[in-house]
Structure formats: C-alpha cells, structure tokens
Amino acid sequence: MKKDKMRHYKYLLDHHREDREEMIDDMEGLRMGEYDNFYLDELSGYDNHPAEIATELYDMQHYMALKKLQMDEVKSIKHAEKKMKEGTYGICEHCGKEIDSKRLELLPQARLCIDCARNEERETISVKEQTMEKRPSEEQVTDAWEMNRDGVQNEALEDLMHYGSSTDIE
C-alpha cells in the first residue's frame, strides 16, 4: 500500500479511536456517578416497586453494553494500528486478499474483505438459528397452559369469578 494512502488510513483510525474514547469518557462521566449512588440514596430497596428496580437494572445493563461496544471498537482500531506497524494493514485475515479501499474508507479497522465478512456473518446467523431451534424443555410446559383454554380467552378470570380465590375461604 502506498505511503500517502497509509497516512490517510492512519488519520482515519486515529480519528475513529479518539471519537470512541471520547464517547467512553462521556459515558463514564455522565453515568458512573448516577449508578454509584443508586443504593446510597435509600436505606433499602424494599420499598421500591419491582418495576422500578427492573428499569434501573435494564438501564445499567444497557449502559454497560453500549460502553463495551465502544471499548471493543477501540480494541479493533488498536489492532488495525498494530497491523499497520507490521505491514499487514488492508489485507484480509481470512483469505489474504487486499481489502477494497472503499471498505477501508468507511471502516478503517476492517479485518476482513467484504466476501469473507459476508461469509462470517452468514455463519454467525446460521449458528444463532441452530441455537434457537434448541429451545429449553421448560417452554414445552409453559406452552401447555394454552391447551387447557378451550378457545375461551378469559377462562382464568371466569374460573376465579365462579369459584372464588383462596382468600374467599372462611
């Protein structure tokens, strides 16, 4: 690869890495204080509605996943910078062909050529589909309740109204 193109891709990698690192810093600055003090504000979580706690947990997990995604991007950019120093930048890690310059313009940290990336994505989708076919046996039991419905949508409510509940027993 020519030196002027290499300098251009190095600039793109630096720019992408700085953007990602800035996002990570922003995320840490905005969120960490909020979650560190979550349990310190109240003496216990006992009086919180379970939905509030679930929402907080979801928000924390969502934030952590977004942060991990950005950290993985930084890691892949550093890997590309390492390949640049080794002289293997722009070469597909699977087939050894040169990665198209249009692809490197959009994704300067690309490890694979477009054909190998598509094949890898197909394999990933195939594995996910195979995993989805192997559903837990518990789902067979949880779906069985529908067999007892006899086509009546609110049968449980009707049974409750007809027979009463355990609190009705005197």
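Any read-out appearing in this document is the output of simple, stated calculations on the displayed coordinates, not a laboratory observation. Just so you know, these numbers come straight off a predicted model, no measurement behind them. We place every Cβ from the backbone using ideal geometry, glycine too, and count neighbours over all the protein chains shown.
So, in region 1-13, of the ones that are part of a helix (DSSP H, G or I) and in contact (Cβ under 8 Å) with a residue 24 or more places away in the chain, which residue ends up nearest to K75 (Cα to Cα)?
L13
With respect to V127, is the statement that it is hydrophobic (A, V, I, L, M, F, W, C) and farther than 26 Å from M6 by Cβ true?
Judged against the criteria, V127 is a match.
Kindly indicate the residue of region 57-87 that is surrounded by 14 or more Cβ atoms within 10 Å (Cβ to Cβ) and under 18 Å from K3 (Cα atoms) and also farthest from the chain's Cα centre (by Cα) among those meeting that condition.
Selected residue: M84.
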